[in-house]
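*Asks:* For reference, the structure I am asking about is given below.
The values are calculated or read from the model by the stated rules, or taken from the named source; none is laboratory data. Computed from a predicted structure; not experimentally measured. Backbone-built Cβ (ideal geometry, glycine too); neighbour counts: all protein chains shown.
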Amino acid sequence: MKINSSLFNIPIINNVIEFDSADSTNTRAKEFARRGSVDGSLFLAHRQTAGKGRMGRSFSSPMDEGIYMSLLLRPDMSFSHISNITLLVAVAIIRALKKSCNITAEIKWPNDIILNEKKLAGILTEAGQDYVIIGTGINVSNTCFPESIQETATSIFLETGMEINEFALIYSIWESFSELYNKFVSLPNIEFITEEYNKALVNYGREVYIIPYNVSKDSANPYDIASDNLTAYTCCGIDKNGGLLCKDATGIITTVSSGEVSLRGTKGYSI
Ligand code: BTN
């Protein structure tokens, strides 16, 4: 991947730091944030040795097979609004995949990007006292994955056979995000993207189960929908505050926020 200075044309980008190898670009970005790095610093790595996913999971990040990047922001907003930034990045990735690769991907609320019912990319947003780090990992040219995710993960190459221009995709993601983020900070709610988000939402109208955050259950020890007595809901999309609306069999709607739960479905990759 060739990073070039045109990234500085994007209003939100003020600094670009590229690593050949990093433990995790989120971890690097946090360290730079604590040392005073400016709002709009973008960290990219060609590989990660300890790539992180949500809920303590890892993110497989082999050399030059994916895009691994984190953006440091210093927004002046309450903690409750910050999780919505993840949803904005998801929309930016969907737009960018369409614009620069002609790929129509979907979103698994709140932070996974899905292509053909498999996970193509993930977003990990982490907040500190005066900063937010948005980490994005996209599987680009991978032809195989670690055993634990080989049934559920995919890459652009595996799905389309294309060798894409990675820089064009990176540029397009942050260009879209910049526009969405500037609008969001002036509001700050996400009503202006709910329709677009819900159109891309793979869970929309489908049966979903709300899984409480519980470190003892993971892909090696998953929830069992029947034996764990989970309630079935119909997914009705996100609301203007980014909560996911889930309707039970009696019509009662529960709104869940991304910090609390993950979703499990009945089809494909947890869909
Ligand atoms: C997830 O799948 O739950 C989120 C994955 C996020 C991966 C990206 S790669 C760049 C950044 N650095 C990390 O360690 N994680 C994020």
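*Asks:* Would you mind stating whether Asn241 is part of a loop (DSSP other than H, G, I, E, B), at pLDDT 90 or above and either farther than 18 Å from Ala105 by Cα or of a type in the set (Val, Ile, Thr) (or both)?
*Replies:* Yes: the conditions hold for Asn241.
*Asks:* Here's another thing I want to ask about it. With respect to Ser70, is the statement that it is more than 10 Å from the ligand (Cβ to nearest atom) and touching a Lys or Arg at 6+ places or on another chain (Cβ under 8 Å) true?
*Replies:* For Ser70, the condition - more than 10 Å from the ligand (Cβ to nearest atom) and touching a Lys or Arg at 6+ places or on another chain (Cβ under 8 Å) - is not met.
*Asks:* Which one is nearest to the ligand (Cβ to nearest atom) among residues in region 27-59 that are without any contact (Cβ under 8 Å) to a residue 24 or more places away in the chain and at negative phi?
*Replies:* Ser58
*Asks:* Considering only region 139-159, state which residues are charged (D, E, K, R) and assigned to a helix (DSSP H, G or I).
*Replies:* Glu147, Glu159
*Asks:* Across region 110-136, what is the number of residues that are without any contact (Cβ under 8 Å) to a residue 60 or more places away in the chain and hydrophobic (A, V, I, L, M, F, W, C)?
*Replies:* Residues that pass the stated criteria total 6.
*Asks:* Related question: Just to verify a result, which residue in region 106-132, among those that are of a type in the set (A, V, I, L, M, F, W, C), within 22 Å of Glu175 (Cβ to Cβ) and out of contact with any Lys or Arg (no Cβ under 8 Å at 6 or more places or on another chain), is nearest to the ligand (Cβ to nearest atom)?
*Replies:* Top of the filtered list is Ile123.
*Asks:* Looking for whichever is at pLDDT below 95 and of a type in the set (Gly, Ala, Ser) here; the options are Ser141, Ser155, Ser148, Ser172. Which one fits?
*Replies:* Ser148
Per-residue answers, yes or no, for (1) in contact with a helix residue (DSSP H, G or I) (Cβ under 8 Å, 6 or more places away or on another chain); (2) modelled with pLDDT of 95 or more; (3) among the hydrophobic types (A, V, I, L, M, F, W, C):
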| residue | (1), (2), (3) |
| --- | --- |
| Ala29 | no, yes, yes |
| Ala50 | yes, yes, yes |
| Ser60 | yes, yes, no |
| Glu65 | no, yes, no |
| Met77 | yes, no, yes |
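*Asks:* Of all the residues that make up region 11-26, how many are in a loop (DSSP other than H, G, I, E, B) and either in contact with a strand residue (DSSP E or B) (Cβ under 7 Å, 6 or more places away or on another chain) or within 10 Å of the ligand (Cβ to nearest atom) (or both)?
*Replies:* Of the residues in region 11-26, 4 are in a loop (DSSP other than H, G, I, E, B) and either in contact with a strand residue (DSSP E or B) (Cβ under 7 Å, 6 or more places away or on another chain) or within 10 Å of the ligand (Cβ to nearest atom) (or both).
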